[in-house]
Each structure stands twice: as C-alpha cells, then as structure tokens.
1. Looking at D29 and the list (1) surrounded by 23 or more Cβ atoms within 10 Å (Cβ to Cβ); (2) closer than 17 Å to E370 by Cα, which single condition is not satisfied?
2. Got at least one residue in region 390-402 being on the phi < 0 side of the Ramachandran plot and crowded, with 20+ Cβ neighbours inside 10 Å?
3. Would you call T104 more than 16 Å from ligand 1 (Cβ to nearest atom) and more than 30 Å from G353 (Cβ to Cβ)?
4. Could you please tell me which pairs satisfy a Cβ distance under 9 Å, a separation of 6+ or placement on different chains, a first residue in region 247-267 that is farther than 30 Å from D190 by Cβ and among the charged types (D, E, K, R), and a second residue that is away from ligand 2 (no atom under 16 Å from the Cβ) and in a helix (DSSP H, G or I)?
5. Quick check on this structure: which one of G209, G213 is in contact with a strand residue (DSSP E or B) (Cβ under 6 Å, 6 or more places away or on another chain) and either farther than 18 Å from N139 by Cα or assigned by TED's automatic domain parsing to the domain that holds D98 (or both)?
6. Is it the case that region 515-532 has a residue that's in contact with a Phe, Trp or Tyr (Cβ under 6 Å, 6 or more places away or on another chain), surrounded by 18 or more Cβ atoms within 10 Å (Cβ to Cβ), closer than 24 Å to E370 by Cα and not small (G, A, S)?
7. Pick out, from region 1-98, the strands (runs of 3 or more DSSP E) lying fully within it that include 1 or more residues that are over 19 Å from the mean Cα position of the chain (by Cα) and more than 16 Å from ligand 1 (Cβ to nearest atom).
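The values are calculated or read from the model by the stated rules, or taken from the named source; none is laboratory data. Everything numeric in this text was worked out from a predicted model, so none of it was measured. In this analysis, Cβ positions are derived from the backbone assuming ideal geometry, glycine residues included, and neighbour counts consider all displayed protein chains.
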Amino acid sequence: MERKWWKEAVVYQIYPRSFKDANGDGIGDIRGIISKLDYLKELGVDVVWLSPVYKSPNDDNGYDISDYREIMDEFGTMEDWEEMLEEMHKHGIKLVMDLVVNHTSDEHPWFVESRKSKDSPYRDYYIWRSGKDGKEPNNWESAFSGSAWEYDETTGEYYLHLFSKKQPDLNWENPKVRQEVYEMMKFWLDKGVDGFRMDVINMISKVPGLPDGEPQEGKKYASGSKYFMNGPRVHEFLQEMNREVLSKYDIMTVGETPGVTPAEGILYTDPDRHELNMVFQFEHVGLDSGSGGKWDIKPWSLADLKKTMTKWQKELEGKGWNSLYLNNHDQPRAVSRFGDDGKYRVESAKMLGTFLHMMQGTPYIYQGEELGMTNVRFPSIEDYRDIETLNMYKERVGEYGEDPQQVLEKIYYKGRDNARTPMQWDDSEHAGFTTGTPWIQVNPNYKEINAKAALEDPNSVFHYYRKLIQLRKKHDIIVYGTYDLILEDDPYIYAYTRTLGDEKLVVITNFSGKTPVFLLPEEITYTTKELLISNYEVSEEEDLREIRLQSWEARVYKIR
Ligand code: GLC
Ligand code: CA
C-alpha cells in the first residue's frame, strides 16, 4: 500500500463559532483559534479541518456562503486568517478548509444577479424551474424540512434548495460554475491551505429532469435523494476538478457523502480514478435511524455496528481509504450516543477512541471529543439555535401537532446543537469560552468536564487521546495493517485484529457496563505480547487468551 501523509495523520475538527471567543462578543473567532494552537499541539493532531469561516449571513452557521474569498466579519479578517495559517504551520499543523459548493447563500452576488431576470448571465448558475400545475416543480423535501423549492416572485419561477431556502443549489451542469469553483479553490490553495473537506459533494449532480421521489408516509414531501445523491455526472465533475486543481497540489481531500455505499466509496477514493482521498460515509451514524430518516429514532445495536464498520473496512481495503469518525458538528456527542455519559463517561469515551483510532483509515476528532464532552438537554426550544432543529420542531409541533416534549426528546438525542455548545476550556463562567454572552449556552457540566481539568489529570480522556495519537506515529501497523473482525457474535465485545507482516494488533473493546469474558480465538497464536494502551490498570502477567473485562474496558495488544 502506498504511504501517504494523510493516511498517517490525525485530523481535529474546529467548529469556529463554538471553539474560542477572543474578543468577548460571545462568538468564537480566528484569534481564539490562534490562542489555542498550543493546546492542539499538545494533543498532537496533525491537521485541522476548519468548518466554514467565509462571509456568510449565518442562516446555517457559515454553510451558506455569500463570498468565498472573504472572511466572515464575526470571525475576523483575512490578516487574522493568514496569521492563523502561518501559526498552524509553525506548530506543525496543516489546515484543511471546508469547501461548500453544492450551494451558496442567497445573498451571494451570483444569486442576487440570478434571481433578477430569466436572461441574467447568472441565471444558469442556479437551478430554476417553472411550477407544475401551480405547485413546486417536483415533490422533493429539503433536508431542513418543507419543500426543496422556493417560489421567487420576480420571475415567477422556483429555485432548488436541498437545504434551507437561503442555500440555493448551484447548477454544476453549467461549465462556468465549475470554472468559478476551481478558480476559488486555487485562490485558497495558493495561500497555502493543505486540503479541503467537501460539503455534501455527492449531491452536485442531479438526475436530468429532476423526477419526483417516492412519497413518504405521513409527510407532505418526498425524499428525492436517489435523484441527487451520487448523480450521473458526479465522478466526471470530480475528475475534472482533480485534473484542473487537486492534482497540482500536495493536499488531502475528504468528501462528505451521505448515503454512499462502500462500492460508491471506492469510486470516489480509488487512487487510480483521481477523485478524492477519502469520504465520510454515514452508515454507522444512521444505525439509530428508522426508515423515516434522522428523526425516526430507534436504538442502534452492536451487531449492526460490527457489520457496518467491518463492511467498510474490508471493502475499501487495498482499493480506497476510510475516514474514521463518530462525531462532528452535525452529530450528537459520541459518548452520549455510543457510550455511557454518566458513571462510565471517562472509561467509555476512552473505549470509543480506541475502537475508532485502531481501525484502518484517517481518524477525525471533533472539538471536545478529547474531553469526553456530552450531549446537552436545554429546557426550552428557545435555547436552541440550529436551523435544522428549529425547522423540524416548527413543522412537527406547528403543522403535524406532535407533542412538544416528545419532539424535544428527539432533539436531546440527535440535535446538532449537542455538538455546538461551546468548547469547555475551564470551570470559570461560560467555561472560559467567552467573557461575554455565548451565542448558545454552555453545557452545565463544564465545571467537571473541561480542558483545564483534563490537562491536569493524567488519567483524563485528553491524555488518553494524546497517547492514541502518539501510538499511530510509532506503529505502522495502526495505519497500514489489514483489519479482521473477531468474536463476531459477542453481544458486548467489539474485537478485531490488524495485521502487518508478522505482527498483529488485538483490539478489545467492551461496549457495555457489563463484565464479559474475552476469549482469544484459538487460531491466533503468538510468542510475545505487548500492551500498547488500556483504559484500566492491567497487570503484565495477565493472559491475553482469557480476560474478564471491566465495564467499557478497552485494550490493545501488539503480538508476534
Ligand atoms: C453538510 C454540513 C452541514 C450543513 C449542510 C448544508 O451536511 O456538514 O452542517 O448544514 O451540509 O451545507
Ligand atoms: Ca468573537
């Protein structure tokens, strides 16, 4: 397998609005990030993926961009950004920027021009259609509730927005749009950025004719996803982008691709196809969703998690490359979702980190994950900020008449604001995030869970993550070894091996508060064993063949 720096790297995601506020206006900013680079250096991460910092009216917190070449006022200036990049590089940290090019803001000059008239030179930068029988051009639902179409009076036509109505979709069929995007990418690459995370990049090609989707039970609008996810020209577009831009720089790329299967994952990431380095797949974070989508919440099972992760590990092996994540700014906190955020918060957060970082792929850490930050339960919908959550609440409670408390319970479990409460730096007011009033409240558990306390405690989640990252630098097998699931049917233990040459890792993780017994399969033999990491004290003498595990225990052995 070819060695690549981005395979050996660990990425840390910063959601700038919630990371660190330097000027007291309650909103995280670039100078705040600069002030925390020593912290990231100490953690040992190699790359920062920075969620959007471009000019934006913030309908979707920066994922609605009105100028791709300017910095959002609330976050600072271009000089601040340039200083941040320079400082990151001095700290040995690379910078991956978020590339949001499926859509722009409706306040982007292209769209402002586009909506003015049917023969505006920018009309075809977006997807305009006339209505059908006095209704929307098709029945697609927006990811943020309601129709994916918005009627515009000026010209009497509708524009497509797969997300909020302030996020009109760009028309990638138009070669001018593609050239604009490529030029903009070069603008940032020439400033020295080290790669891109590409927002919903598998949605840029829509099936011509934009056919109606299958109606959804109990819902006004249909899911059109099979007509806009992994569409007919997406690979052609990415190959063009690669030829014209990506191939000219030594960078890393990761595509956000909801709904991809491993077969499609290979198409995006097979190096011979010259598209992307890796993608974020969504199957494992969809295990607790029913057929009704994200808010149709059901319990996930360990058996399904094993199946899904193993499928991705094995199918991409030698063909593509995995990204590894349990958290990001769109997902609830992993320790609340897959672990135990009560009594075993620390143990289970470490276990989840072990489980993920020992797999094959590039691991991503989302801000606060390294502290074991948890979900939040705000008492009122007024306390929430996320457009997806607010629209969903309005639709369910307002239009469908659902019980507000039940809808809040869904938000407590899955809402994106779980990930967006401010980073907990210390136990002072507002967790040291701001001296002003934070744009969204801090999780009340900040007195106990915060970076200052974690740095001082050698047994903290932070120091455990630091060790996980260091191990990756020391042992090639963590990066390049092949993966095999063991104990497939065990209801509590997720265990697997990694193999490289005559070495093996045995990764043992207990996904429960119970104390099951781990039995090493007989075909795995060894003459020497070394414990690389564990989240409980382990005695050297212990026999790896049979271990009574403690609650949420994790261990990694290297054997020969
Ligand atoms: C991606 C982003 C999410 C955003 C959406 C629309 O899924 O991660 O935060 O709301 O795209 O840009
Ligand atoms: Ca600020």
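1. Against the list (1) surrounded by 23 or more Cβ atoms within 10 Å (Cβ to Cβ); (2) closer than 17 Å to E370 by Cα, D29 comes up short only on (2).
2. Looking only at region 390-402, we keep the residues that are on the phi < 0 side of the Ramachandran plot, and these are 390-400, 402.
Narrowing further to those that are crowded, with 20+ Cβ neighbours inside 10 Å: 392-393.
The answer is yes; a qualifying residue exists.
3. In short, no.
4. E264/N202
5. Values: G209 fails: in contact with a strand residue (DSSP E or B) (Cβ under 6 Å, 6 or more places away or on another chain).
G213 is the lone residue from the list that is in contact with a strand residue (DSSP E or B) (Cβ under 6 Å, 6 or more places away or on another chain) and either farther than 18 Å from N139 by Cα or assigned by TED's automatic domain parsing to the domain that holds D98 (or both).
6. no
7. Working: elements: 11-14, 47-50, 67-71.
Counting at least 1 such residues, we get 67-71.
Per-residue answers, yes or no, for (1) within 16 Å of ligand 1 (Cβ to nearest atom); (2) of a type outside the set (A, V, I, L, M); (3) buried (at least 23 other Cβ atoms within 10 Å of the Cβ):
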{"position": "M278", "(1), (2), (3)": "yes, no, yes"}
{"position": "L302", "(1), (2), (3)": "no, no, no"}
{"position": "T308", "(1), (2), (3)": "no, yes, no"}
{"position": "K319", "(1), (2), (3)": "no, yes, no"}
